[in-house]
Amino acid sequence: MDTILKNISKIRVVVDIETLGRNPGCVITEIAASACDQDFQEIEAFAEHLEVDTQVMLGMEICEEAHKWRNDNNLPYRLFDAHNPLEVLSAFGCWLRKLAYENEIDVSRFEFWCQGTDFDRPCIDALYTSLNSTPPWKYYQWNDCRTACNLAGVKRQGAVMHTALADARQQANVMKLVLNRVKNVSIGGKVAVA
């Protein structure tokens, strides 16, 4: 599917992961991203499940408390369609480069967004490091949805689904509200956010 859209001036990639831990270096069970235009309208999505055993062999850790919490909340990680972490990160990088090529915007100009820059990006970076690979971004390309929401006075809506793609899409939708509020405030208008 071609993702070429006219008038895209910026690509914003909202990233979410599901893990078996709380700190960088923990096992990542799922990685997903919602690639959006400058208005946080989704262009295309990426989602993959990662093999747990391979990550453990790489030295990634499983936090028993997090593992138990997922089981207690009926959120088991998937084994039947999980892929090798190196293959998943390669596919993710290819997907980003394809978006860049098709929309004529270099990956170095992408904005990456997540719910707190102290977890998702460091966890993904730790997995890249364990595989002796380099992430396709620089640290300064990352932005925090939570801080943007707080500054704009927008509350996250709906329940967290704890599936990476659903959560990434929810964060993109909330960022759309943040962007609308900021645009309206910047031109002196008043806005009520539902």
Taking Cα atoms only, helix 164-186 is inclined relative to the longest principal axis of the chain by an angle, in degrees rounded to 10, of 20 degrees
Between GLU30 and residues 5 or more places away or on another chain, the pairs with built amide H atoms under 5 Å apart involve GLU18, LEU50
With the 8 Å Cα cutoff and a minimum separation of six or more residues, the chain has a relative contact order in percent of 27 percent
In a Gaussian network model of the chain with springs linking alpha carbons closer than 10 Å, the residue among VAL174, VAL14, VAL154 that fluctuates most is VAL154
Averaged per residue, the 1.4 Å probe accessible area of the chain, protein heavy atoms only, in Å², is roughly 54 Å²
Applied in sequence order to the range 53-64, the curve 6.51 cos²θ - 1.76 cosθ + 1.60 (Karplus, θ = phi - 60°) yields integer Hz couplings, x standing for Gly and Pro, of 4, 4, 5, 4, 5, 7, x, 6, 10, 10, 8, 4
In this structure, the FRET efficiency calculated for SER133 and GLU111 from their beta-carbon separation, with R0 = 30 Å, to the nearest 0.05, is 0.85
Candidates for mean projected area of the Cα convex hull in nm² are (i) 11.6; (ii) 12.9; (iii) 15.7, and the calculated one carries label (i)
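The values are calculated or read from the model by the stated rules, or taken from the named source; none is laboratory data. In this text the structure is predicted, and so the values were computed from the model without any measurement. We place every Cβ from the backbone using ideal geometry, glycine too, and count neighbours over all the protein chains shown. The protein model used for the area step is the full one, side chains on, heavy atoms only, and it has no ligands, DNA or RNA in it. Shrake-Rupley method; radii C 1.70, N 1.55, O 1.52, S 1.80 Å.
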